[in-house]
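Single-structure report; data block below.
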Amino acid sequence: MALAVPRLRRLDPLGALLAVAGTTAVIFLPFVVFKPNRIVPGDPRGLLEVLPAWGAFACQATLILAAFAALAMSNARIRLGAALLGVVVVALAVAAAGDALTPPGNKVVRVAPGAAFWVLLVCLGLMATDAITRMRPGPLWRVLFLAAFTAAAGLALAHGTFDHLSVMREYAVNAERFAREARQHLWLALGSLGAAVLVAMLAGSGAALVDC
């Protein structure tokens, strides 16, 4: 009599790739790079070096949960929730690292997000994008998702959570220059778009007249 062997749940291929990439980044890559000033070479710091034990444990537990959801969960909403929770926790972790490594009142120290942070952010972002694709939302929901994510990112930046990170310090120093360059690029982009639309309209009108 043959024994029935239960089938093992098939691991999600994309989830496996993202889990391996994220795990490798946490183990081998720096989470932040500490620089006494903006000129000298940076000192790479791992996740366990920049957070208290409870904070590092909470961050790692959240990432393990997200990896499990990516590997074994087929429900798109659960995968999306785990990915977004991971993004929030990783973002708070890098903000906390910036606060911990920056002495009070110091304007010279630079704390930059390391390679591990960016890899984790990309992996979690891809996981969230894949989950939204599996949910098959309509065009309106896609626009709402984009607006919600953009608003959340804008509020986090405006709140000052990331003010001790190097990119925000550089922005604070060169805010007027950034605004001027942004306006210039916007005008160039709109001018190019307007010229392309005008050429397309003229070409379409010419082709219609020839056909007549």
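The values are calculated or read from the model by the stated rules, or taken from the named source; none is laboratory data. This one's a predicted model, so the numbers in the text were calculated from it and none came from an experiment. FYI the Cβ positions are ideal-geometry reconstructions off the backbone, even for glycines, and counts take in every protein chain you see.
I'd like the full set of residues that are free of Cβ contacts under 8 Å to residues at least 60 places away in the same chain, surrounded by 11 or more Cβ atoms within 10 Å (Cβ to Cβ) and not β-branched (Val, Ile, Thr), limited to region 127-145. Please lay out each step first, then the result.
Applying the first criterion (free of Cβ contacts under 8 Å to residues at least 60 places away in the same chain) to region 127-145 yields 128-129, 131-145.
Narrowing further to those that are surrounded by 11 or more Cβ atoms within 10 Å (Cβ to Cβ): 128-129, 131-135, 137, 141-145.
Of everything in region 127-145, those that are free of Cβ contacts under 8 Å to residues at least 60 places away in the same chain, surrounded by 11 or more Cβ atoms within 10 Å (Cβ to Cβ) and not β-branched (Val, Ile, Thr) turn out to be Ala128, Ala131, Arg134, Met135, Pro137, Trp141, Arg142, Leu144, Phe145.
Would you pick out the residues in region 40-90 that are basic (Lys, Arg) and within 19 Å of Trp118 (Cα to Cα)? Talk me through it step by step, then tell me what you get.
Pass one, region 40-90, residues basic (Lys, Arg): 45, 77, 79.
Residue satisfying the conditions is Arg45 alone.
Mind checking which pairs have a first residue in region 77-88 that is over 11 Å from Met135 (Cα atoms) and in contact (Cβ under 8 Å) with a residue 24 or more places away in the chain and a second that is of a type in the set (A, V, I, L, M, F, W, C) and not in a helix (DSSP H, G or I), Cβ under 9 Å, 6 or more apart or different chains?
Pairs that qualify, where the first residue is over 11 Å from Met135 (Cα atoms) and in contact (Cβ under 8 Å) with a residue 24 or more places away in the chain and the partner is of a type in the set (A, V, I, L, M, F, W, C) and not in a helix (DSSP H, G or I), are Ala82/Met73.
Would you confirm, using the coordinates I've provided, whether Arg38 is modelled with pLDDT under 90, surrounded by fewer than 16 Cβ atoms within 10 Å (Cβ to Cβ) and under 24 Å from Met127 (Cα atoms)? Explain how you work it out, then say what you get.
Working: modelled with pLDDT under 90: yes; surrounded by fewer than 16 Cβ atoms within 10 Å (Cβ to Cβ): yes; under 24 Å from Met127 (Cα atoms): no.
Criteria not met by Arg38.
Based on what the data block shows, is Val119 within 20 Å of Gly42 (Cα to Cα), of a type in the set (A, V, I, L, M, F, W, C) and out of contact with any strand residue (DSSP E or B) (no Cβ under 6 Å at 6 or more places or on another chain)?
Details: within 20 Å of Gly42 (Cα to Cα): yes; of a type in the set (A, V, I, L, M, F, W, C): yes; out of contact with any strand residue (DSSP E or B) (no Cβ under 6 Å at 6 or more places or on another chain): yes.
In short, yes.
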